[in-house]
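**Student:** Here it is: the structure, laid out below.
The values are calculated or read from the model by the stated rules, or taken from the named source; none is laboratory data. Note that the coordinates shown come from a computational prediction; the quantities given were computed from them, not determined experimentally. Using ideal geometry, Cβ is built from the backbone for each residue, glycine included, and neighbour counts are taken over all protein chains shown. What goes into the accessible areas is simple: the full protein's heavy atoms, side chains included, and nothing from ligands, DNA or RNA. Shrake-Rupley method; radii C 1.70, N 1.55, O 1.52, S 1.80 Å.
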Amino acid sequence: MLEVRNLKTTFRTEDGPATAVNGLSFSLQAGETLGIVGESGSGKSVTALSIMRLLPRNAKSTADAVEFAGEDLLRKSEAEMRRIRGRRIAMIFQDPMTSLNPVLTIGEQIAEAVRLHFGVRRSEARRRAVEMLEKVRVPEAKRRLDEYPHQFSGGMRQRVMIAMALSCGPELLIADEPTTALDVTIQAQILELMNEIQRETGTAIILITHDLGVVAEVCGNVLVMYGGNLVEYGTAMQIFDAPRMPYTQGLLASLPRLDKRDRTRLVPIKGQPPNLLNLPAGCAFAPRCAYRMPICDEPVALYDFGGGHVARCVLYDDRATAQRPIDVETVPQAAKT
């Protein structure tokens, strides 16, 4: 359904070009849920905005291709993209309070997309809006249709955003941090709702998050980003059971574990994310990595571990052992296997 090849997005700044996405490639199948994870600033949201062609004027995207259902989105005119956005590809933005228009009712905002893409009458668009609010389990949907965003709780506003995104039956839904700032009970309800809608409609989902617990709950495949590029990709089982990239291992090690009886301290990832104004030629994670070697400063290829599991790390290169003997007791568990 979606294939991104060598996507690069840069922003013009007073200090020079900042590269937010740096040669990213991935694909998504129909009905699949792909989780994109990484620290803030790793390029997750910019990737989504690049696909949707919603970047600000100081940004520029290039790619070998961004193909959606066989059509290259980067070659589409703005008028053609307006017909695709909302109708075939929809996006749930990070903060519903800033994404919803405070001076328009919830009903008007949902119905607007329906009228725009299907050309139906106001009454039909309003009926569709009520139907979508009921689908996302907003109580008293017909009455609340005439209320404003500030009259809804955070969880209910997020449901409204999902209803708006799904109102035109998109083939692809991009959810950018859909559960941020929600308590765990509401978060679980939102995730279950997205799973249920996907089962009913077959919509493909890209879930952007920094919460690995959310990824484990809903995602079939996981793409780990760092420094604007893919550093590891695999199924959720592969990523959680046998992470190959030290950065992925660091993300997992920094999570609290309820299944651990002993009281152990969390292990933070030391250092800071890379400077987007001056990305290194080699591994972007090298300055923060405990296993850094001279060859880490050279361009790093993806290493294939089978079953679609790949990682961008020279620990698995034969030259690594020749450069610096590695103590097997300190090598990440995944490297030993």
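**Student:** For LEU193, indicate whether it is at negative phi, touching a residue at least 24 places away in the same chain (Cβ under 8 Å), hydrophobic (A, V, I, L, M, F, W, C) and in contact with a Pro (Cβ under 6 Å, 6 or more places away or on another chain).
**Tutor:** So LEU193 does not fit the description; no.
**Student:** Yes or no: ALA90 within 15 Å of MET161 (Cα to Cα) and surrounded by 16 or more Cβ atoms within 10 Å (Cβ to Cβ)?
**Tutor:** Criteria met by ALA90.
**Student:** Okay, next question. For segment 166-190, what are the residues that are of a type outside the set (Val, Ile, Thr), open to solvent by less than 10 Å² (accessible area, probe 1.4 Å) and part of a helix (DSSP H, G or I)?
**Tutor:** Across segment 166-190, there are no qualifying residues.
**Student:** Let me ask another. Of everything in segment 143-163, what is without any contact (Cβ under 8 Å) to a residue 40 or more places away in the chain and either in a helix (DSSP H, G or I) or farther than 19 Å from ILE92 by Cβ (or both)? Give them in sequence order.
**Tutor:** Of everything in segment 143-163, those that are without any contact (Cβ under 8 Å) to a residue 40 or more places away in the chain and either in a helix (DSSP H, G or I) or farther than 19 Å from ILE92 by Cβ (or both) turn out to be ARG143, ARG144, GLN151, GLY155, MET156, ARG159.
**Student:** Additional query: Sort out which residues of segment 239-249 are under 21 Å from THR47 (Cβ atoms) and in a helix (DSSP H, G or I), and write them in order of number.
**Tutor:** If the condition is that a residue be under 21 Å from THR47 (Cβ atoms) and in a helix (DSSP H, G or I), then ILE239, TYR247, THR248 are the ones that fit.
**Student:** For segment 285-312, name all the residues that are assigned to a strand (DSSP E or B) and exposed (fewer than 15 other Cβ atoms within 10 Å of the Cβ).
**Tutor:** ASP304
**Student:** Given GLY220, GLY202, GLY227, GLY213, which one is open to solvent by 20 Å² or more (accessible area, probe 1.4 Å) and at positive phi?
**Tutor:** GLY202
**Student:** Kindly establish whether GLY250 is open to solvent by 40 Å² or more (accessible area, probe 1.4 Å), modelled with pLDDT under 95 and either within 17 Å of the chain's Cα centre (by Cα) or not charged (D, E, K, R) (or both).
**Tutor:** No.
**Student:** Follow-up. So in segment 37-67, with the set limited to residues that are open to solvent by less than 10 Å² (accessible area, probe 1.4 Å) and of a type in the set (Val, Ile, Thr), which one is farthest from the chain's Cα centre (by Cα)?
**Tutor:** Ranking the qualifying residues of segment 37-67, first place goes to VAL66.
**Student:** Do we find that ALA129 is crowded, with 16+ Cβ neighbours inside 10 Å, assigned to a helix (DSSP H, G or I) and touching a strand residue (DSSP E or B) at 6+ places or on another chain (Cβ under 9 Å) in this structure?
**Tutor:** no
**Student:** May I pose another question? Exactly one of these conditions fails for SER42: (1) in contact with a strand residue (DSSP E or B) (Cβ under 9 Å, 6 or more places away or on another chain); (2) at pLDDT below 95; (3) of a type in the set (Ser, Thr, Tyr); (4) more than 16 Å from ILE206 (Cβ to Cβ). Give me its number.
**Tutor:** (4)
**Student:** Would you say SER99 is among the polar types (S, T, N, Q) and closer than 30 Å to SER254 by Cβ?
**Tutor:** yes
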